[in-house]
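Here the structure comes first, spelled out in structure tokens, and everything after it is commentary.
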Amino acid sequence: MAEEPHTDELLGRLLASSSPESYLSTIEPEDRTLSEYLFSLLREKGLSRSAVFEAAGIDRTHGYQVFEGTRRIGRDRAVMLAFGLRCTIQETQRLLRFAGVSELWCKVRRDAVIIYCIEHGLERTTCDDMLFRMGERTLLPED
């Protein structure tokens, strides 16, 4: 996957453009679905869905439905998928946007812990341990 410009850079280009049409003529519109994005990440990273679900701690049936686009996913499950897919922070934020949920925000204590864990390549279980230790709600709900 080619390195895509960051949103701030694109916003700067849009604001500097003489018209919306001139800006839109210079970019490739993002019209992929969550399902398409998830499959592109799988291919790029050489992972299998079952390995992603295991690393993420997501039920296989639920996971397959999300990948096929027949089931919506909430924010925490989307973050869990990002861990399973070994996403960068940029890939995670894009995954969250495709899922139609809010992105991680470093001013929110819980999100800051999650961002730190993603950025440092930690596993979802390690992130949950850190969240628990810091008195924050874990990604994988307690039974």
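Looking only at segment 96-128, count every residue that is out of contact with any helix residue (DSSP H, G or I) (no Cβ under 8 Å at 6 or more places or on another chain), of a type in the set (A, V, I, L, M) and not in a loop (DSSP other than H, G, I, E, B) and tell me the total.
So the answer is 1.
Within segment 56-76, does at least one residue satisfy the condition of being part of a helix (DSSP H, G or I), of a type in the set (A, V, I, L, M) and under 22 Å from Met134 (Cα atoms)?
yes
Could you tell me which of the residues Gly121, Gly135, Gly57, Gly46 is in contact (Cβ under 8 Å) with a residue 60 or more places away in the chain and on the phi > 0 side of the Ramachandran plot?
Gly57
Every residue in segment 13-34 that is free of Cβ contacts under 8 Å to residues at least 60 places away in the same chain and part of a loop (DSSP other than H, G, I, E, B), please.
Ser17, Ser18, Ser19, Ser25, Thr26, Ile27, Glu28, Pro29, Glu30, Asp31
When segment 33-74 is examined, which residues are found to be aromatic (Phe, Trp, Tyr) and open to solvent by less than 60 Å² (accessible area, probe 1.4 Å)?
Tyr37, Phe39, Phe53, Phe67
Among the numbered criteria (1) open to solvent by 60 Å² or more (accessible area, probe 1.4 Å); (2) part of a helix (DSSP H, G or I), which one does Leu81 miss?
All conditions pass for Leu81, except number (1).
Can you tell me which condition Ser25 does not meet? The list is (1) of a type outside the set (Asp, Glu); (2) over 19 Å from Leu122 (Cα atoms); (3) surrounded by 12 or more Cβ atoms within 10 Å (Cβ to Cβ), and all the others hold.
Condition not satisfied by Ser25: (3).
Within segment 10-33, how many residues turn out to be under 22 Å from Leu95 (Cα atoms) and at pLDDT 85 or above?
Counting residues in segment 10-33 that are under 22 Å from Leu95 (Cα atoms) and at pLDDT 85 or above gives 1.
Filter segment 129-143 for residues that are surrounded by 15 or more Cβ atoms within 10 Å (Cβ to Cβ) and assigned to a loop (DSSP other than H, G, I, E, B); which is modelled with the lowest pLDDT?
The residue in question is Leu140.
Quick check: is even one residue across segment 40-47 more than 21 Å from Thr88 (Cα to Cα), aliphatic (A, V, I, L, M) and in contact with a helix residue (DSSP H, G or I) (Cβ under 8 Å, 6 or more places away or on another chain)?
No: zero hits.
Please tell me if Arg86 is in contact (Cβ under 8 Å) with a residue 40 or more places away in the chain, part of a loop (DSSP other than H, G, I, E, B) and either at negative phi or loosely packed, with under 12 Cβ neighbours inside 10 Å (or both).
Criteria not met by Arg86.
Under 6 Å between Cβ atoms, at least 6 apart or on separate chains: pull out the pairs that start in segment 89-107 with a residue that is closer than 11 Å to Arg75 by Cβ and end on any residue that is basic (Lys, Arg).
Val101/Arg75
The values are calculated or read from the model by the stated rules, or taken from the named source; none is laboratory data. Please read these numbers as outputs of a predicted model, since none were measured by experiment. Positions of Cβ are backbone-derived with ideal geometry, glycine not excepted, and every protein chain shown enters the neighbour counts. The protein model used for the area step is the full one, side chains on, heavy atoms only, and it has no ligands, DNA or RNA in it. Shrake-Rupley method; radii C 1.70, N 1.55, O 1.52, S 1.80 Å.
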